[in-house]
Amino acid sequence: MQGDTVNITLQTLVELQDIDSVILNLQRKISDFPQVIQRLDKQIEDHENKLQTMQSRLDEQEKLRRTKELDVDSKVAQIKKYQGQLLQVKTNKEYSALLAEINGLNTKNSLTEDDILELMESIERVKKAITETQQDLEKEKNRVHQIKQEKKVEQEEVQQSLAKEQGKRDQ
């Protein structure tokens with residue numbers, strides 16, 4: 001009789017230990033949810049930072065392009081001024097000096113215009129990359145939103161299971 005009581009007590013303790021083990025696993029799962037959500041939010045933040053960096057790069061390149069275009073415009077105005085002075089010079093030396101200056105400005109303009117073309121190509125590449133990154137960001141936001149919804153449902157299920165197991169333990 002006393003042996004049966006010990007066996008029943010041992011069996012109850014083993015069942016209690018199993019329930020405690022299940023409860024512990026469920027509590028671990030619940031404590032992991034915030035970390036999963038945080039990692040998902042970090043992924044979105046990383047995509048947004050990448051997009052912001054690309055936008056900053058685009059802004060810098062467009063600003064540089066505008067600066068170079070203003071430089072070309074300024075040199076064109078100076079060339080016109082020198083061309084007007086060509087008609088007023090009195091010596092061949094002055095005429096040659098103005099022509100050399102005009103040619104030098106034209107050469108500089110040509111190089112600057114090449115730089116502008118390269119910048120425009122780079123700007124187009126960056127704009128395309130920004131568009132792709134924006135699309136990727138939207139896809140990532142949708143994916144993360146879906147995962148968050150799934151994790152929320154899973155968390156509710158785990159909490160219900162935890163309450164059920166704690167109810168068993170309390171019996």
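General remarks:
- Rounded accessible area per residue of the stretch 1-103, 1.4 Å, Å²: 77
- Dividing the summed -39500 (n - 2.57) terms of all DSSP H runs of n ≥ 4 by the residue count of the chain sets its mean residue ellipticity at 222 nm at -36500 deg cm²/dmol.
- On Cα atoms only, tilt of 92-170 relative to the major axis of the chain in degrees: 10
- Given their separation in residues at 0.36 nm each and the Cα-Cα distance between them, Asn7 and Glu60 gain 11.2 nm when the chain is fully extended.
- Structure-derived Rg and Dmax of the Cα atoms in Å: which label, when the choices are (i) 23.1, 80; (ii) 37.2, 134; (iii) 15.6, 47: (ii)
- Degrees separating the helix 2-86 axis from the principal Cα axis of the chain, which is the longest one: 10
- The stretch 1-54: GluC sites (Glu not before Pro) falling in loop per DSSP and having at most 10 other Cβ within 10 Å: none
- Candidate residues Leu87, Leu137: accessible-area rank, largest first, probe 1.4 Å: Leu87, Leu137
The values are calculated or read from the model by the stated rules, or taken from the named source; none is laboratory data. Treat the numbers as computed from the prediction; the structure is a model and nothing was measured. Positions of Cβ are generated from backbone atoms using ideal geometry, with glycine treated the same way; all protein chains shown enter the neighbour counts. Just the protein is used for accessible areas: all its heavy atoms, side chains included, with ligands, DNA and RNA removed. Shrake-Rupley method; radii C 1.70, N 1.55, O 1.52, S 1.80 Å.
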